[in-house]
Amino acid sequence: MIQSGYQNILKLPDLKRKLLVTLALLFVYRVGVHVPTPGIDAAALASFFDSTRGTLFAMFNMFSGGALENLSVFALGIMPYISASIILQLMTVVVPHLEQLSKEGEHGRKKITQYTRYGTVVLSIIQGFGISVGLEAMTSPAGAPVVIYPGWGFRIITVITLTAGTAFIMWLGEQITERGIGNGISMIIFAGIVARMPTAIGNTLRLVSTGEMGIFTIIILIVLMVAVIGCIIFMEQSQRRIPVQYAKRVVGRKMYGGQTSHLPLKINTAGVIPPIFASSIIMFPATLANFIDLPLMKSVAAAMSPETIVYNLIYIGFIVFFCFFYTAVTFNPDDVAERMKKNGGYIPGIRPGKKTAEYIDRVLTRITLGGAMYVSAVCVLPTMLMTKFNVPFYFGGTALLIVVGVAIDTISQIETHMISRNYEGFLGKSGAIKGRR
């Protein structure tokens, strides 16, 4: 089955080109992760990160694909772009001009994208300056300074380097979305997480060989990961199907309609967006708190560690909020009800129009609550359990959700390309995967 799928990919020049473009751009991103920012003592920085395993730094380092640990030109990662997107989407609800742009189709989307790019640069400058100042105060556990020549020269170079790196990642993401396969931003985060897996496996095997971690613990972790992955795959493809009946209508000499269909509502409409958005918001202030050498900020950093109750409660709150917010932004029950009414469709037992919109909204709210609880559980519980086991890497539920979710969407897009060209799917007829959209 899978071998046949690979052969079918090679028969489609357009799909093969998209895959090669995606792989090439992701390769460029991974090369950039290893290009260091000038003025940093790499050994002192690596020693500092060795002492912060299992903390918020490890989580931020995971999302940047190891770029923060190396303080490379991509150290800020894609988080400033995500933060700018969050701000613009929130402002769309309250600012009339942005709300009007969001309704103007392609032109409006281009304008909002342009504003998002400007916001990304501004946030990158602010974050880059904060990190440069914090780095000057950092030392390794042995007392060696991380910055070789501190001062305004280092700060300016660091701000310019990190801002340019984030802008380049943003461009790479847009190119993947436009010319490749999958959502570019999600693919970059996916690549960063997957690239850390060999190092994580190596560290785990080293601990097993030295006796610091038992075989029984490894078995429990593997079973836990398999169970979480199975849960994610099941939930990401689950949907509530609302039956829709189409009335018969005569056009000329032909009769149309009279058939029964359904309106599929995903349990997790927002996909991996809520944990990514929640992480981007919660990580930045807490990360800055680690850089600023003040007792109050140290207390904040300690309280915002991933294994604390405070962090997890705030994290769950943000996930639930963004599940509802992103679903409300991307799915409008009024528009669905109006289109259904124009096409002669109705939900049995529900009056067309406003009543249909209210019914869809009520059903969507209930399943979104369930989806938010599922996402929160997947993102928080494995992380807490892995903290108890003293796992030497950060690869909790958030990472699993992103990796599995992005993989499902990417395979779904490949399936769509192949089916549209009348080829059997990537996994064969019995293995077709339903994407989130």
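Since every read-out is calculated from the coordinates, none of them should be taken as a lab result. Quick caveat, the model's predicted, so the values are computed rather than measured. All Cβ positions, even for glycine, are placed from backbone atoms using ideal geometry, and neighbour counts span all protein chains on display.
Using the structure shown, select from 266/342; 103/266; 110/342; 111/341 the pairs with a Cα to Cα distance greater than 26 angstrom.
Pairs exceeding the cut-off: 110/342; 111/341.
Using modelled backbone amide H atoms (1.01 Å from N, in-plane), which distant-in-sequence or interchain residues come within less than 5 Å of residue 238's amide H?
Under 5 Å from the amide H of residue 238 lie the amide H atoms of 267, each far enough along the sequence or on another chain.
Got a sec to turn the phi values of segment 30-47 into Karplus ³J(HN,Hα) couplings, 6.51 cos²θ - 1.76 cosθ + 1.60 with θ = phi - 60°, whole Hz, x for Gly and Pro?
5, 5, x, 4, 9, 8, x, 6, x, x, 10, 7, 4, 5, 5, 5, 4, 5
Are there GluC sites (Glu not before Pro) in segment 303-373 that DSSP puts in a loop and that have at most 15 other Cβ atoms within 10 Å, and which ones?
The qualifying sites are 307.
What order, most packed first, do the peptides 367-380, 205-218, 24-37, 73-86 have when packing is the mean number of other Cβ atoms within 10 Å of each residue?
Numbers: 367-380: 20.6, 205-218: 12.2, 24-37: 16.8, 73-86: 24.7.
Final packing ranking: 73-86, 367-380, 24-37, 205-218.
What FRET efficiency would be calculated for the residue pair residue 109, residue 260, taking the C-beta separation as r and a Förster radius of 25 Å, to the nearest 0.05? Mind dumping the intermediate values first?
On the way: r = 35 Å, r/R0 = 1.38.
Calculated transfer efficiency: 0.10.
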